[in-house]
Amino acid sequence: MLDAATVAQQLLRNFNPKRSGDICLVLEPHWFVNDFDGSKVASTQGSPWRYDTYVPIMFAGWNISAKTINRQVETVDIAPTLALLLGTKLPSGSVGKPLTEAMSNLN
C-alpha cells in the first residue's frame, strides 16, 4: 500500500489545470466504478496505484529488432524516441529520455 505522500505526489502528476476537475476521486486499490450518473465506463486511468501506472510501449518497423527493456520507462519517453528515430529535433518542452534500445540497429 502506498503512503499518503506518495498518493498525493501521484495525484499531482496527473493534474492538469486546463482539463482536470475540482474533485479527484481516489478509490481503494483494485476498486472500479463503472457507472457514473448512468454513463457506463469500461476502463479508467490516472489512479495513483502502481498497477494503473504501467503502460506497455512498443516500437515496430524497419530496422527495429525485437527487444525487452527491463528498466523503468515512461510515456513521456515516446516523443523523444520517435524524434530521434525520424532524425528530427526533440519536441520543445520534452521531458522524456529517448529509449536508446530502440535505436541500437540504426546507423
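The values are calculated or read from the model by the stated rules, or taken from the named source; none is laboratory data. The model shown is predicted, which means the values in this text are computed figures rather than measured ones. Please note: Cβ atoms are built from the backbone with ideal geometry, for glycine as well, and neighbour counts cover all protein chains shown.
Of note:
- Any pair with Cβ under 6 angstrom, 6 or more apart, that starts in region 28-45 at a residue that is under 17 Å from L11 (Cα atoms) and ends at one that is at pLDDT 70 or above: P29/W49
- Scan region 1-35 for residues that are among the basic types (K, R) and more than 20 Å from the chain's Cα centre (by Cα) and the total you get is 0.
- Every condition in (1) surrounded by 13 or more Cβ atoms within 10 Å (Cβ to Cβ); (2) over 18 Å from Q10 (Cα atoms); (3) modelled with pLDDT under 75 holds for P48 except the one numbered (2).
- From the list V73, V33, the lone residue that is at pLDDT 75 or above and of a type outside the set (S, T, Y) is V73.
- In region 1-30, residue surrounded by the fewest Cβ atoms within 10 Å (Cβ to Cβ) [restricted to those that are among the aliphatic types (A, V, I, L, M) and either at pLDDT below 75 or part of a loop (DSSP other than H, G, I, E, B) (or both)]: I23
- Among the residues of region 49-84, those that are assigned to a loop (DSSP other than H, G, I, E, B) and in contact (Cβ under 8 Å) with a residue 40 or more places away in the chain comprise W49, T53, I57, F59, N63, I64, S65.
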